[in-house]
Amino acid sequence: MSRGRIEKALSGFYYVNTGSEVLQCRARGKFRREGLSPLVGDWVQVRELGNSEGLVEEIEPRRNVFSRPSAANIDQLVIIASGAVPVTDPYLIDRISAIAALKKCQVLVCLNKCDLDPADGLYEIYGGSAMDVLRVSAKTGEGIEELREKLRGKLNVFTGNSGVGKSSILNALDSKLTIPVGEVSKALGRGRHTTRHVELFSLQEDTYVIDTPGFSSFDTEELNLELKAHLPETFPEFLPYMDKCRFVGCKHIKEKGCCVLQAVKAGAIPRSRHASYVRLYEEVKDLKEWEKK
């Protein structure tokens, strides 16, 4: 038996890096019977069958799991956004970051295409939030070394709306990757997905990145009862104020004596972040226990 990590899942095969080689593996039937699928990022035990083939025998306990994109054991979610075409809606960033916070995942907001537009509005929002934010340009190389440092020592997932430059940034980080890059439609203001499956790339010995399809794949499966129960905590800017509200169980929407709302009014919490919180609250508030999958 060998221990390795799944780097790619494609057409029923799992490509497991054991440190000495990459094995093309099938998974034991017991996983399907148990409703458990091996995921990119999983640490697994494999039985070697020869000719660089193997069988996934066991999946080790996971730190976290994302449904879409299908990945496990993520340390940091890197949300690629842009002030240039396609312009990123802050709500998309906030929706993803809330899900990441629920799963104990660090969040980095990375504003690409700053050679075309510095994304001042987005930078102001997230510079005033509890999340890390930086500007980069995959085209000119600006900020790429700073990004490399923020990725170091972690298993990172890149996500963002299609056309925002996820694959371009990966290529800028490592020219050997040569990941296909799509063009942004001038008519629609959005790109085509060039990433068709989830795959893990090694940038250096202790640093890994998973590239994913765009925001449309980060689906409503993650908007669940657990998020409903813990939504305020997934907005870390709220944490210093939540316990000071006048009423226990304050929803931080429009209640009297809400310290979160007072902090928003005072500029300590970005208004855009609170607006996204309210929108997410409206999305999950009517979820019922019987709807749980």
> Can we say Ser129 is closer than 23 Å to Phe201 by Cβ and under 19 Å from the mean Cα position of the chain (by Cα)?
Replying inline: no
> Which residue pairs have Cβ atoms closer than 9 Å, lie 6 or more positions apart in sequence or on different chains, and pair a first residue in region 9-33 that is closer than 18 Å to Asp211 by Cβ with a second residue that is of a type in the set (Lys, Arg) and modelled with pLDDT under 95?
Replying inline: Tyr14/Lys8; Tyr15/Lys8; Val22/Lys8
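Considering only region 117-205, give the helices (runs of 4 or more DSSP H) lying wholly within it that have at least 3 residues that are modelled with pLDDT of 95 or more and more than 20 Å from Ser272 (Cβ to Cβ).
On the way: elements: 120-127, 144-151, 166-173.
The helices (runs of 4 or more DSSP H) meeting that bar are 144-151.
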> With region 228-285 as the region, which helices (runs of 4 or more DSSP H) entirely inside it contain at least 2 residues that are crowded, with 20+ Cβ neighbours inside 10 Å?
Replying inline: 259-266, 271-284
>> So Leu102 ticks every box in (1) modelled with pLDDT under 95; (2) within 20 Å of Val209 (Cα to Cα); (3) in contact with a Ser or Thr (Cβ under 6 Å, 6 or more places away or on another chain) but one. Which box is left unticked?
In response: (2)
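With respect to Val22, determine if the residue is at pLDDT 95 or above and touching a Cys at 6+ places or on another chain (Cβ under 7 Å).
Numbers: at pLDDT 95 or above: yes; touching a Cys at 6+ places or on another chain (Cβ under 7 Å): no.
Judged against the criteria, Val22 is not a match.
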>> For region 84-102, which positions are open to solvent by 20 Å² or more (accessible area, probe 1.4 Å) and among the small types (Gly, Ala, Ser)?
In response: Ala101
> When region 125-152 is examined, which residues are found to be open to solvent by 10 Å² or more (accessible area, probe 1.4 Å) and closer than 22 Å to Ile99 by Cα?
Replying inline: Ile125, Gly127, Gly128, Ser129, Ala130, Met131, Asp132, Val133, Lys150
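Considering only residues that are hydrophobic (A, V, I, L, M, F, W, C) and more than 13 Å from Pro236 (Cα to Cα), look in region 103-124 and name the one that is surrounded by the fewest Cβ atoms within 10 Å (Cβ to Cβ).
For region 103-124, the residue satisfying everything is Leu116.
The values are calculated or read from the model by the stated rules, or taken from the named source; none is laboratory data. Note that the coordinates shown come from a computational prediction; the quantities given were computed from them, not determined experimentally. Note that we place each Cβ from the backbone using ideal geometry, even for glycine, and neighbour counts take in every protein chain shown. To get the accessible areas, we keep the full protein, side chains included, count just its heavy atoms, and leave off ligands, DNA and RNA. Shrake-Rupley method; radii C 1.70, N 1.55, O 1.52, S 1.80 Å.
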